Amino acid sequence: MSEGRAALVAGLNRIEEEFPVEEIVLDDAHVWPVLRVFGGTFHLQRMETVASVVRPRRPVLARLWDRLRPGHGPIAPRTGTSSGPLVFISQHTHRVVHQGATVDKFAHPMMEAAARAGLASVLVLLGGVAGPPIKPVAGARMLHLDRTRTAVGGRAWRRARVRTGEVPGMADVLALMGRAGIVVEARRMEGVLRAFLSELAFHRLVLAGLRPGHVFMPCWYGPDHMAAVQVCRELGIVAVDIQHGVQGPAHLAYGRWATVPAAGWSTMPHRFWCWDRYSVDNIARWAPPGMHRPFLGGWPWLEQRHAGPVTGTAPGVKRVLFSLQPMAHPLPPGFGAVVRALGTGYHWVFRTHPRTGADIAAHPELHGLEGRFSMEDTREVPLAASLGHTDVHLTQYSSVTIEAALCGVPSVALHPHATELFPEHVRDGWLRVTGIDALSEALATARAPEVAPTRSAPLEERLVHLLHDRNEPLPGGN
């Protein structure tokens, strides 16, 4: 198999077409989405395009859910608004410090919109809060459930012995993946499925008690959120994925799926809250009628245009925002030579990744260039504030490319994966993909395309629109 992401997705799609992957079931849950996403991710990790992947957590104590376990098989989700609260699942990597409080940038804007619409919500907090206290929202509850998760999941982890040969079809599909060049160690995949079962125990207990109408989560494709989606199916709750990054055709979780069961994948959300029309159109190309439907909701956190301590904005100096990624080699060889050649007319701002927070000020490529660059912490400087002072966005292939376009900022990418991940942005002139040799010219000539301004409906109206199970955006949406 070639090393491109599009080729990887195509290879997985061929497996879907050749093998009845919907028959691979574990504890009533479709596990092909787990195998596809993590098998592809492990393949990408071996290609050394990323430094790390999402790893299943190992909880350590008791299992409590057996007596609460719902009946077998998915239940159709409720449609229309529900009397149940809106539940937002918050991980520590989604939180930032803003105006003296810790805020979940995905959950808080929507919870505040829900409050304005008279709707109750619950913020389920997973992972410690290292900074200031969580910002309260009127009419909303906050539940710190780390101890519950540990207590419920630990014993489940010890009991959940997953063996490849015991899951019908799993050994066959892993063999097909291997023949396609996607080699996945059985023990590694068994560990992911074991974590999935542990998370099922936790979410069955919590969601059975909360009985929400909708559950919102960013990044649906980890074992924890796939488990939450499965439980939503079992209880008739609508699961909504909030876009957190790229959703292009070469993405393992959002790119084209060759086959989808008539009732949908039980571990894939019912709805996708998308930032832009590109993302909506991509999902709509493969989502069957009535299942896994995209909704054009916009990016609420970015829309708030927060102020922040932005650096590198001197008059006459071009500000280049470099969004870093958790890669083994975040800066390409020769980057320092480009910085030197462009001189003092450019200021380079390196924005850390929320998962790593790595400071690369000591990187060999930047040796002797002190004063020409600065670091920007994603947890302290809102992206909208930074993009508001940025002339050009630079990246390897970060999804900040999408957010830059939403803010009217052109992007330049250095990694060929960007062409596969953002084909519409390349086509429409928002993104130019180039090598290090042509970087100086690409930065000097980068221009945002001219587009007609749009205005979104108030967020509370968009949220209610989604809750009423309407597929089309409100007039004036992004």
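The values are calculated or read from the model by the stated rules, or taken from the named source; none is laboratory data. In this text, all values refer to a predicted model and were calculated from it rather than measured experimentally. Cβ coordinates were reconstructed from backbone atoms using ideal geometry, including for glycine residues, and neighbour counts include every protein chain displayed. Protein only, heavy atoms only, side chains kept; ligands, DNA and RNA dropped before computing areas. Shrake-Rupley method; radii C 1.70, N 1.55, O 1.52, S 1.80 Å.
The sole residue among 432, 355, 372 that is among the basic types (Lys, Arg) and at pLDDT 95 or above is 432. For region 122-135, taking the residues that are part of a loop (DSSP other than H, G, I, E, B) and within 26 Å of residue 151 (Cβ to Cβ), the one that is least open to solvent (accessible area, probe 1.4 Å) is identified as 127.
Scanning region 172-194 for residues that are part of a loop (DSSP other than H, G, I, E, B) and either at pLDDT 95 or above or open to solvent by 10 Å² or more (accessible area, probe 1.4 Å) (or both) gives 180, 181, 183, 184, 185. Where strands (runs of 3 or more DSSP E) fall wholly inside region 347-431, the ranges with 3 or more residues that are open to solvent by less than 40 Å² (accessible area, probe 1.4 Å) and either farther than 20 Å from residue 317 by Cβ or not small (Gly, Ala, Ser) (or both) are 392-395. Please indicate, with yes or no, whether at least one residue in region 261-277 is surrounded by fewer than 17 Cβ atoms within 10 Å (Cβ to Cβ), closer than 30 Å to residue 460 by Cβ and touching a residue at least 40 places away in the same chain (Cβ under 8 Å). Yes; the residues of region 261-277 include at least one that is surrounded by fewer than 17 Cβ atoms within 10 Å (Cβ to Cβ), closer than 30 Å to residue 460 by Cβ and touching a residue at least 40 places away in the same chain (Cβ under 8 Å).
Just the residues that are within 30 Å of residue 242 (Cβ to Cβ) and either among the β-branched types (Val, Ile, Thr) or buried (at least 18 other Cβ atoms within 10 Å of the Cβ) (or both), please, taken from region 328-341.
330
Would you confirm whether any residue within region 281-302 is within 17 Å of the chain's Cα centre (by Cα), open to solvent by 40 Å² or more (accessible area, probe 1.4 Å) and touching a residue at least 24 places away in the same chain (Cβ under 8 Å)? Scanning region 281-302 turns up at least one residue that is within 17 Å of the chain's Cα centre (by Cα), open to solvent by 40 Å² or more (accessible area, probe 1.4 Å) and touching a residue at least 24 places away in the same chain (Cβ under 8 Å).
Return the total of residues in region 344-372 being in contact (Cβ under 8 Å) with a residue 60 or more places away in the chain and touching a His at 6+ places or on another chain (Cβ under 9 Å).
1
Do the conditions hold for residue 312, that is, is it part of a loop (DSSP other than H, G, I, E, B) and open to solvent by less than 30 Å² (accessible area, probe 1.4 Å)? So residue 312 passes the test. Candidates 197, 119: the one that is over 25 Å from the mean Cα position of the chain (by Cα) and outside any strand (DSSP E or B) is 119.
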